[in-house]
Amino acid sequence: MGEKNSIKIVVFEGCDGSGKTTLMRAFNIATNYKHLCIDRFTGSMFTYAYDKSRSVAVSEILNAENILNDCFDTYLILCNCEPVTINARLDAKMDSLDRSKVRYHIFLFNTYFELSNFNNKKSINTDNSLIKCVNEVVNFVEGKKW
């Protein structure tokens, strides 16, 4: 393929309540919205297809990532935190997600993370402060601190 586009694609994945949307919004502010950020993508397709017992073509998911890798600098941020944190966040949002599936979803997202073909991957512990998490992502994507 030709040269890569200068745009960086940053994908935020993780369970409901893991902090991905909050982290993505803070990252956008910290970087002045200069990257294309995606909240849920191939990891969610993988995880929720398995959760709902739908057939999933893992090879097609990974191939889609390869296509993006050929055109862009790609970054996968997996937002991980303790189940008790996720449950508290879901309770605060009055989310109806089945709490008995939280550990299973964490397992599936971590399995996806290991399989993912994205060029650059980082797991962030979102039990840490938002500022610490944003600094980790900015440093990972841009090589500098915010």
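The values are calculated or read from the model by the stated rules, or taken from the named source; none is laboratory data. Predicted model only: the values in this text are computed from it and were never measured. Here the Cβ is made from the backbone with ideal geometry for all residues, glycine too, and neighbour counts use every protein chain on show.
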Q.
Quick check on the range 22-37. Is at least one of its residues surrounded by 13 or more Cβ atoms within 10 Å (Cβ to Cβ), touching a residue at least 12 places away in the same chain (Cβ under 8 Å) and of a type in the set (S, T, N, Q)?
A. yes
Q. Can you name the condition, by its number, that Asp127 falls short on among (1) part of a helix (DSSP H, G or I); (2) of a type in the set (D, E, K, R); (3) modelled with pLDDT of 90 or more; (4) farther than 15 Å from Ala26 by Cβ?
A. (1)
Q: With the checklist (1) surrounded by 15 or more Cβ atoms within 10 Å (Cβ to Cβ); (2) more than 16 Å from Ile9 (Cα to Cα); (3) more than 16 Å from the chain's Cα centre (by Cα); (4) aromatic (Phe, Trp, Tyr) in hand, flag the one item Tyr112 doesn't pass.
A: (3)
Q: Working only within the range 47-79, note down all residues that are closer than 13 Å to Leu115 by Cβ and outside any helix (DSSP H, G or I).
A: Val56, Ala57, Leu76, Leu78
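Looking at Ser44, Ser96, which one is more than 17 Å from the chain's Cα centre (by Cα) and either in a loop (DSSP other than H, G, I, E, B) or surrounded by 18 or more Cβ atoms within 10 Å (Cβ to Cβ) (or both)?
Ser96
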Q: Quick one: in the range 55-90, of everything that is of a type in the set (Asp, Glu) and touching a residue at least 24 places away in the same chain (Cβ under 8 Å), which residue is farthest from Phe27 (Cα to Cα)?
A: Asp70
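Got a sec? Which of Ile29, Ile38 is hydrophobic (A, V, I, L, M, F, W, C), modelled with pLDDT of 90 or more, within 21 Å of Ser6 (Cα to Cα) and not in a loop (DSSP other than H, G, I, E, B)?
Values: Ile38 fails: modelled with pLDDT of 90 or more.
Being hydrophobic (A, V, I, L, M, F, W, C), modelled with pLDDT of 90 or more, within 21 Å of Ser6 (Cα to Cα) and not in a loop (DSSP other than H, G, I, E, B) holds for just one of Ile29, Ile38, which is Ile29.
So if I check each of Ser116, Ser100, Ser123, which one is under 21 Å from Phe46 (Cβ atoms), free of Cβ contacts under 8 Å to residues at least 60 places away in the same chain and touching a Leu at 6+ places or on another chain (Cβ under 9 Å)? Don't jump to the end; show me each part of the working.
On the way: Ser116 fails: free of Cβ contacts under 8 Å to residues at least 60 places away in the same chain; Ser100 fails: touching a Leu at 6+ places or on another chain (Cβ under 9 Å).
Answer to the check: Ser123.
Sort through Arg40, Arg99, Arg89 and tell me the only one that's of a type in the set (Lys, Arg) and touching a Gly at 6+ places or on another chain (Cβ under 6 Å).
Values: Arg40 fails: touching a Gly at 6+ places or on another chain (Cβ under 6 Å); Arg99 fails: touching a Gly at 6+ places or on another chain (Cβ under 6 Å).
The match here is Arg89.
Quick one: would you say Leu23 is in contact with a strand residue (DSSP E or B) (Cβ under 7 Å, 6 or more places away or on another chain), at pLDDT 85 or above, within 15 Å of Glu136 (Cβ to Cβ) and of a type outside the set (Lys, Arg)? Spell out the reasoning first.
Numbers: in contact with a strand residue (DSSP E or B) (Cβ under 7 Å, 6 or more places away or on another chain): yes; at pLDDT 85 or above: yes; within 15 Å of Glu136 (Cβ to Cβ): yes; of a type outside the set (Lys, Arg): yes.
The answer is yes for Leu23.
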